[in-house]
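Chemist: I'd like to ask some things about the structure below.
The values are calculated or read from the model by the stated rules, or taken from the named source; none is laboratory data. A quick note: this is a predicted structure, and the numbers were derived from the prediction, not measured. Cβ placement follows ideal geometry from the backbone for every residue including glycine, while neighbour counts extend to all protein chains displayed.
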Amino acid sequence: MPIFTVSSWKETGTVAQARAWVNSLAKEIFPLVKGKEIIVLPPFTALSAVSKDLKQLNLPIKIGAQDISRFEEGKHTGEISAVMVAEFASYVMLGHSERRSQLGETDEIVAEKVRLAKKYNLTPMVCVSEIPQAEALKKLINDFSDLIAYEPVFAIGTGKPDTPDNANEVAGQIKSIFPQARVLYGGSVDGSNAKEFTQQKNLSGVLVGNRSLDPNFFLEILKNV
Ligand code: PEP
């Protein structure tokens, strides 16, 4: 089973910055990829350029988007649909706690997006910050079998990660709710703590925000998972 190592850029990065990130990984990434599924989640505007550059450089990194529209197509100004994202990406992150707290994303909306993602062959990576969210999701998408990122709100962007033991325990509870899903941990992961998380029995990888924006720090994480 590969170790998932995901870099999420949030609302960061012009096309030029995204291309520079990809190009700086090119020199050093090849010895670090064995046994890993490396996924980058740039902003929508950089998906096309990142996809072209990854192909050209033949880099073993998959692309994901940070969201999709809950609507399939049509009169939804400003929205970006699953089929549009699927032109460039194979994964999509859904239900991040920032979207839930800042943009009113509910479990119902996340469930609609999961259905659309699957319809267009995007692998969903659903973020949950606590067990009740996983339980609510279970009622809406009973047979979810893809990726779940356990991301406690107190650990996101704070430099204060959860303990690996507790992350493992929560991941175990998530797996008892969704036995087919693979669970990642996210929240203040860096090169010094990544391995402690990926070594846990119930965790299949890490989702990294801040510490993955600098390609050198991301390489450090890849060396240590
Ligand atoms: C995130 O926002 O999903 C995240 C994990 O951020 P950070 O690594 O910066 O805590």
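Chemist: Taking G159, is it modelled with pLDDT of 95 or more, within 27 Å of I29 (Cα to Cα), under 17 Å from the mean Cα position of the chain (by Cα) and of a type in the set (G, A, S)?
Modeler: So G159 fails the test.
Chemist: Do we have G95 as at positive phi, at pLDDT 95 or above and touching an Asp or Glu at 6+ places or on another chain (Cβ under 9 Å) here?
Modeler: Considered against the rule, which asks whether it is at positive phi, at pLDDT 95 or above and touching an Asp or Glu at 6+ places or on another chain (Cβ under 9 Å), G95 comes out as yes.
Chemist: Against the condition within 15 Å of the ligand (Cβ to nearest atom) and either more than 16 Å from L41 (Cβ to Cβ) or not in a loop (DSSP other than H, G, I, E, B) (or both), how does K160 come out, does it pass?
Modeler: Answer is yes for this residue.
Chemist: If a residue has to be more than 14 Å from the ligand (Cβ to nearest atom), out of contact with any Phe, Trp or Tyr (no Cβ under 7 Å at 6 or more places or on another chain) and in a helix (DSSP H, G or I) to count, how many in region 168-197 make the cut?
Modeler: Selection size over region 168-197: 9.
Chemist: For region 208-216, indicate whether the set of residues that are more than 9 Å from the ligand (Cβ to nearest atom), in contact (Cβ under 8 Å) with a residue 12 or more places away in the chain and either crowded, with 24+ Cβ neighbours inside 10 Å or outside any helix (DSSP H, G or I) (or both) is non-empty.
Modeler: no
Chemist: Please report, ordered by residue number, the helices (runs of 4 or more DSSP H) entirely within region 42-127 with at least 2 residues that are small (G, A, S).
Modeler: In region 42-127, the matching helices (runs of 4 or more DSSP H) lie at 44-57, 97-103, 107-119.
Chemist: Could you go through region 136-148 and let me know if any residue there is out of contact with any Ser or Thr (no Cβ under 8 Å at 6 or more places or on another chain) and within 12 Å of the ligand (Cβ to nearest atom).
Modeler: no
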